[in-house]
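**Student:** So that we are looking at the same thing, I have put the structure below in structure tokens.
The values are calculated or read from the model by the stated rules, or taken from the named source; none is laboratory data. Every value quoted in this text rests on a predicted model; they were computed, and no experiment measured them. Cβ atoms come from the backbone with ideal geometry, glycine included; neighbour counts cover every protein chain shown. Accessible surface areas use protein heavy atoms only, side chains included; no ligands, DNA or RNA. Shrake-Rupley method; radii C 1.70, N 1.55, O 1.52, S 1.80 Å.
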Amino acid sequence: MNKLMLGNEAVARGAYEAGVTVATAYPGTPSTEITENIAKNYSEIYSEWSPNEKVALETAIGASIAGARSICSMKHVGLNVAADPLFTLSYTGVNGGLVIMVADDPGMHSSQNEQDSRYYARSSKVPMLEPADSQECKDFVKTAFEISERYDCPVIVRLTTRIAHSRSLVEVEDRIEYKLKDYIKDYNKYVMMPGMARKRHEIVEKRMEELREFSDSTSLNRVEGTSKDIGVITSGIAYQYAKEVFGDNASFLKLGMVHPLPEKLIRDFASEVKTLYVIEELEPFIEDFVKSLGIKVIGKDLLPVTGELSARLIKERLLGAKLPKAPAIEENIPGRPPVMCPGCPHRGTYYVLKKLKLRVNGDIGCYTLGALPPTESMDTCVCMGASIGMAHGMEKARGRDFGKKTVAILGDSTFIHSGITGLIDVVYNKGNSTVIILDNSITGMTGHQDNPTTGFTIKGEPTRQVDLVKLAQAIGIDRVKVVDSFDLKELENVIREEVNADEPSVIISQRPCALLKNVKYEGTQHINDKCRYCKMCLSLGCPALVDRGDHVEIDEALCVGCKLCSKLCRFDAIEKAGDNNAKA
């Protein structure tokens, strides 16, 4: 039976059909739907949102060593967090098969960089597969488990945004009954002290030689077409673009295994064609390998190393095609910059931070949008959890007076992910930083996933809820304040007090995300005749507030009725829609 599936859905199906027992992840676009689909559709698999990607991979490693097949999913920057166990996992090898799904994001649709994860496979000496459609997503996951167990190693399967989030037909099959392998204590294999690790490194090098031979013979890498004039070496989504451009006018070496690359196959293919192209997104990973073999190839000298490819771009850059310009967009269509949602609990916090003219070390989440006008209340944003360490570093570089005008801000899920250690650093090294935790009761940025602070598991089951107040106190923070992020007066007083304190402090700015099903407000707001057009309400940046040039209106289709704007209005001009003084 065939089903239309997202690439991520197909990965989940592949894990199910492969007999996986344990699935772990930290949510991150474009990988999130993999584990969401496992949790929703396949009760045979234990699944979890882990506190971060490092813990997710370590949990999957434990499951593998215990004899089960396990899968761990993350986005590309999450692989940075998981890199520590990954490199040593390459040495220890596995027991049950272990597959690591990593989703790269060319074009940075929802990411802070365009990292190319293929280099992690090479550096850690771990094989990597790269599917080109949803069917291959499912098939490659199943094959990856077979490779993992055959060669005693983890296998990385690389997706990109277009593969993860595109749909194509997938033939679904039954789940295999995977029998758990026996657990055998073996400290020479699994305890990586130097004496054992040196021996395991030799095994890794031997394994890589065997994998190179496998790469040359596996059907994961295949030649298509009979053209002797043009040859194209490609993989993943770039294969789809290249096929669209060249069609039957070229031969293709489609690489499903991108590390290790098949040397003999590449040499043989190159010798058969007059002109050879390498078409790949981001870095010249394949191209550099081909050139190292002494083979002349056309690639990144014409194609960009930034952003996504497209059939149009390839035609223009490689074939010199003069294509008609895309239809012009009507000038009166308004721009749609990213913005915090109507009713977003973070809006009040950013309004206060701007008012107090504080330096704000930000972090990764919906609240990163606080850097944009009109709030413009964020100075830095680097990676998950970095806000606290950066605020601490600023204070140590320029003194406590500078530190008192500097705060760190991050979400509840981000604090659990990697903010805790930064806060410990502040306490241990006698820092004075003020940390604001934006507790919106959910992991909002990636689509409302639960986390250890919400009190529910990935399946919605009640569990122990991390108490952020007690956690901060246990770390050594004596000053912990909880305040409603829409209580602007109290929030301002608390922030003023804490940044001027001579010790570190934590402020938990607390209000649930406006998009949660259980969040209900009284009703939409309206602006009445008392409005003086002072524009104070516009400083919040709420998309429901519309400047008409001579007055402000509230778009009732967008307004959720949070009433934050009414708290700024000095003239009582904002009220519930339908009240007596409302003007049409």
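**Student:** Within the stretch 251-267, is there a residue that is under 34 Å from the mean Cα position of the chain (by Cα) and among the hydroxyl-bearing types (Ser, Thr, Tyr)?
**Tutor:** No, the stretch 251-267 has no match at all.
**Student:** May I ask you to say which residue of 66, 60, 39 is of a type outside the set (Asp, Glu) and open to solvent by less than 10 Å² (accessible area, probe 1.4 Å)?
**Tutor:** Among 66, 60, 39, only 60 is of a type outside the set (Asp, Glu) and open to solvent by less than 10 Å² (accessible area, probe 1.4 Å).
**Student:** Now for a separate question. Being crowded, with 16+ Cβ neighbours inside 10 Å, over 32 Å from the mean Cα position of the chain (by Cα) and assigned to a loop (DSSP other than H, G, I, E, B): is that true of residue 513 here?
**Tutor:** In short, no.
**Student:** I'd like to verify a number: residues in the stretch 453-467 that are surrounded by fewer than 20 Cβ atoms within 10 Å (Cβ to Cβ) and in contact with a helix residue (DSSP H, G or I) (Cβ under 7 Å, 6 or more places away or on another chain), how many? So that I can check it myself, show each step before the final result.
**Tutor:** Of all residues in the stretch 453-467, those surrounded by fewer than 20 Cβ atoms within 10 Å (Cβ to Cβ) come to 455-457, 459-467.
Cutting the leftovers down to in contact with a helix residue (DSSP H, G or I) (Cβ under 7 Å, 6 or more places away or on another chain) gives us 459, 466.
Selection size over the stretch 453-467: 2.
**Student:** Another question, then. What number of residues in the stretch 382-395 are more than 24 Å from residue 452 (Cα to Cα), open to solvent by less than 50 Å² (accessible area, probe 1.4 Å) and either within 25 Å of the chain's Cα centre (by Cα) or aromatic (Phe, Trp, Tyr) (or both)?
**Tutor:** The total comes to 1.
**Student:** Anything in the stretch 76-113 that is part of a strand (DSSP E or B) and either at positive phi or under 19 Å from the mean Cα position of the chain (by Cα) (or both)? List them, or say none. Walk me through it before giving the result.
**Tutor:** First, pick out the residues of the stretch 76-113 that are part of a strand (DSSP E or B): 98-104.
Matches in the stretch 76-113: 99, 100, 101, 102, 103, 104.
**Student:** Exactly one condition in (1) in a helix (DSSP H, G or I); (2) within 13 Å of residue 505 (Cα to Cα) is false for residue 430; which is it?
**Tutor:** Going through the list (1) in a helix (DSSP H, G or I); (2) within 13 Å of residue 505 (Cα to Cα), residue 430 breaks only (1).
**Student:** Would you check which residues across the stretch 564-580 are modelled with pLDDT of 90 or more, open to solvent by less than 70 Å² (accessible area, probe 1.4 Å) and either farther than 22 Å from residue 375 by Cβ or not in a strand (DSSP E or B) (or both) and list them?
**Tutor:** Correct list: 564, 565, 566, 568, 569, 571, 573, 575.
**Student:** Could I ask something else about it? Being touching a residue at least 12 places away in the same chain (Cβ under 8 Å), touching a Pro at 6+ places or on another chain (Cβ under 6 Å) and not hydrophobic (A, V, I, L, M, F, W, C): is that true of residue 541 here?
**Tutor:** In short, yes.
**Student:** Quick one: in the stretch 396-415, of everything that is outside any strand (DSSP E or B) and buried (at least 21 other Cβ atoms within 10 Å of the Cβ), which residue is modelled with the lowest pLDDT?
**Tutor:** The qualifying residue modelled with the lowest pLDDT is 403.
**Student:** Let me ask something else about it. Restricting attention to the stretch 542-561, which residues are within 20 Å of residue 373 (Cβ to Cβ) and surrounded by 21 or more Cβ atoms within 10 Å (Cβ to Cβ)?
**Tutor:** Answer for the stretch 542-561, where residues must be within 20 Å of residue 373 (Cβ to Cβ) and surrounded by 21 or more Cβ atoms within 10 Å (Cβ to Cβ): 542, 544, 545, 552, 554.
**Student:** Scan the stretch 136-159 and give yes if some residue there is part of a helix (DSSP H, G or I), more than 21 Å from residue 67 (Cβ to Cβ), touching an Asp or Glu at 6+ places or on another chain (Cβ under 9 Å) and open to solvent by less than 10 Å² (accessible area, probe 1.4 Å), otherwise no.
**Tutor:** Taking every residue of the stretch 136-159 in turn, at least one turns out to be part of a helix (DSSP H, G or I), more than 21 Å from residue 67 (Cβ to Cβ), touching an Asp or Glu at 6+ places or on another chain (Cβ under 9 Å) and open to solvent by less than 10 Å² (accessible area, probe 1.4 Å).
**Student:** Would you mind telling me which numbered condition in (1) at positive phi; (2) in contact with a Lys or Arg (Cβ under 9 Å, 6 or more places away or on another chain) residue 225 fails?
**Tutor:** Failed condition: (2).
**Student:** Another question about this same structure. Can you list the strands (runs of 3 or more DSSP E) found entirely within the stretch 189-274 that contain at least 3 residues being surrounded by fewer than 16 Cβ atoms within 10 Å (Cβ to Cβ)?
**Tutor:** Qualifying strands (runs of 3 or more DSSP E): 221-224.
**Student:** Only one of 437, 527, 508, 475 is at pLDDT 95 or above, in contact with a helix residue (DSSP H, G or I) (Cβ under 9 Å, 6 or more places away or on another chain) and crowded, with 22+ Cβ neighbours inside 10 Å; which?
**Tutor:** 437
**Student:** Please go through the stretch 275-301 and give me each residue that is part of a loop (DSSP other than H, G, I, E, B), at negative phi and loosely packed, with under 15 Cβ neighbours inside 10 Å, ordered by number.
**Tutor:** Of everything in the stretch 275-301, those that are part of a loop (DSSP other than H, G, I, E, B), at negative phi and loosely packed, with under 15 Cβ neighbours inside 10 Å turn out to be 293, 296, 301.
**Student:** In this structure, does residue 228 turn out to be closer than 18 Å to residue 121 by Cβ and either at pLDDT below 95 or of a type in the set (Lys, Arg) (or both)? Spell out how you get there, then give the answer.
**Tutor:** Working: closer than 18 Å to residue 121 by Cβ: no; either at pLDDT below 95 or of a type in the set (Lys, Arg) (or both): yes.
In short, no.
**Student:** Then there is this: How many of the residues making up the stretch 331-358 are over 24 Å from the mean Cα position of the chain (by Cα) and open to solvent by 70 Å² or more (accessible area, probe 1.4 Å)?
**Tutor:** So the count comes out to 7.
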